[in-house]
1. So if I check each of B:41, B:31, B:54, B:60, which one is at pLDDT 90 or above and surrounded by fewer than 16 Cβ atoms within 10 Å (Cβ to Cβ)?
2. Of all residues in the range A:116-175 being assigned to a loop (DSSP other than H, G, I, E, B) and among the hydrophobic types (A, V, I, L, M, F, W, C), which is farthest from residue A:82 (Cα to Cα)?
3. Please determine, by comparing only the residues of the range A:9-29 that are in a loop (DSSP other than H, G, I, E, B) and more than 9 Å from chain B (Cβ to nearest Cβ), which one is modelled with the lowest pLDDT.
4. For residue B:346, indicate whether it is buried (at least 20 other Cβ atoms within 10 Å of the Cβ), free of Cβ contacts under 8 Å to residues at least 40 places away in the same chain and closer than 20 Å to residue B:289 by Cα.
5. If you take the residues in the range B:384-412 that are in contact with a strand residue (DSSP E or B) (Cβ under 6 Å, 6 or more places away or on another chain) and farther than 19 Å from residue B:360 by Cα, which one is surrounded by the fewest Cβ atoms within 10 Å (Cβ to Cβ)?
6. Would you be able to say whether some residue in the range B:376-397 is part of a strand (DSSP E or B) and either of a type in the set (Ser, Thr, Tyr) or under 19 Å from residue B:236 (Cα atoms) (or both)?
7. Quick check: anything in the range B:330-346 in contact with a Gly (Cβ under 6 Å, 6 or more places away or on another chain) and not assigned by TED's automatic domain parsing to the domain that holds residue B:257?
8. Across the range A:71-84, which residue is farthest from the other protein chains (Cβ to nearest Cβ) among those that are not hydrophobic (A, V, I, L, M, F, W, C) and not in a helix (DSSP H, G or I)?
Amino acid sequence: MRIVVAEDDALLREGLVLLLGGEGLDVVAAVGDGATFLDAVTEHRPQVAIVDVRMPPTHTDEGIRAAVAARRDQPDLAVLVLSAHVEQGFATDLLVGSARGLGYLLKERVGRVATFLEALRRVAGGGTAIDPEVVAQLFARRRAADHLAALTHREREVLGLMAEGLGNAAISQRLWITDHAVHKHIRNIFAKLDLPVGADSDRRVAAVLRHLEATSGAT
Amino acid sequence: MSTGALPRPGLLAILRSWVVAAAVATQWLVLGLGTALLALLTVVVLLLVAALCLIGLGLLLVGPALRLLRWVADLERRRLTAMGHATVSPYGPLPRGWGQVLRDVRSEVSTRRDLGWLLLHATVGLLLGLLPLEMLSNALQELSTPLWWQLAPGQATVLGGFVAVDTWGAARWGVVTGIVWALLWLLLTPQLARGQAAPGRRLLVPHPDQDLTALVARLGATRAAALDAHAVELRRIERALHDGTQNRLVAVTVLAGAARQALARDPASAEPLLERVQDGAELALAELRSVVRSILPPALEADGLPGALAALAAQCAVPTRVDVTVPTRLPVSIEAVAYYAVAEALTNVTRHSTARDAIVTVQQRGDHLWVEVADDGVGGATVGQGSGLTGIRDRVEAHDGTLEVHSPAGGPTLLRVVLPCG
């Protein structure tokens, strides 16, 4: 897997490169700002870009803008955005088009190497990875909470993992339940929330997130 | 004196206190005479300008005339304040351009009140200023008439010049009228001084309404500025924690993850990663300490600015001389910024300059605090991303101060922070 890393903090950038290299992944470039990142993407044509949100010069949303620009040039480039804290606006900005090949994770998730690599592979494969914190915040909004009251505890867990972008198999593994049980829960959730049932997992994520966004009120 | 009552002051003491009071009042009246003459001059100038306005030319002079009016009125305010009637200047900034000046003259309450004072002071004030001089000179002249009337026949007069003195009898009368003049001077002068000050005390203070609105506006502005500085300061702390400490800790987490991964595969390869983990944690600690120190250094509270800076210099690896000339304690926030700037500057000196000597100079000049850190090192310091200088600049600008860095390659380096502290 060819990867470009854009992260302005030198220590963290080095850590990422070491970690990914240790897993046998091919980091073709590691850069520290948005402009250099775009050059690197054009030059190396990676499959995945791991991008920090805040980078020089303004330290606001350079990473998001660079990622959006890179996706315009290479629509099938998978982008995993790393952020120091959850900014709801950025997550939904990214999902405006399609959630295909997109990830939004808090930086510290990288330390849980196995889970991080799972998310990275999912994004690289065209899936979605949304940070549990983002999902938790969407769940916590009052209107969303009212809406989700009809769901059982287990169904809410499943919905959360779906929103994070996990597939059925991953969900069954995570919750220690059978594939069949996951299927049953998902059917119930979609019926209760009146969502269209679809087989495609990334469209499913988008539908779930849009539903959560819509029911969570003004951001 | 068994009753404990105060001893009655003697007649002489009473007389002396009256003379002192009359002399002081005379002094104020003479100063008032000065402002009254200036007021008279200003009336003439204003009339001329008004006349010139009829042919258009005067419009250009309205601005300068207004400035003259304000100058004279302010002189009188200073006199009144010195007399013990605190009189604050009510003006906003001077308007620019004659259109604005005209609008200002029409709308500004204080200008109209100034004009009222000007007319009163140029006339009544002038006369009141002349009276005590007249009384004094009459008293002296007539008291001394017996001594000299024979030397200047036909010229000696009493009662202020109304009665000619040509006999010894008349000359003796001079003594009587002289004493009357002196008594008049003694008794009336304090009243005259009060009378001369009255128009100014009424008209040169801000109008009651204007006073409140101006006060509210001023308080509003300073409060907004304070809140602003506070918000900027919070933002700075948030940025420091976020971009510094938090990033370090994230890196530590990531490196720890990588180390665990390496442990599982090849324990020997984990060692360098663990070392980096430790480095990262230490960096995070150092940055956290620096953020905490930047909020409010404990040494500052205990020892004040001079003591805290001396302690900083003593800890500095480069020999550092400290020279602090600050007469009083300054606002805590200003002291904190000054301390922080010196601490960061000395850190830079130690880390980058290879200097042999450094000098820290802190001076209060008027309502500004000047903080200078100079070293004889290699120079080349710039305010840019990640350098401690950026932190200083952000902090200083939050308090409306300025940061200058003169650091040519090859040195020496001079860092100057100027902070308003009034």
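The values are calculated or read from the model by the stated rules, or taken from the named source; none is laboratory data. Predicted, not measured: the structure shown is a model, and the values here were computed from it. Every residue, glycine among them, receives a Cβ derived from its backbone with ideal geometry; neighbour counts consider all protein chains shown.
1. Among B:41, B:31, B:54, B:60, only B:41 is at pLDDT 90 or above and surrounded by fewer than 16 Cβ atoms within 10 Å (Cβ to Cβ).
2. Filtering first and then ranking leaves A:151.
3. A:24
4. yes
5. The residue in question is B:400.
6. So far as the range B:376-397 goes, no, none of its residues is part of a strand (DSSP E or B) and either of a type in the set (Ser, Thr, Tyr) or under 19 Å from residue B:236 (Cα atoms) (or both).
7. yes
8. A:75
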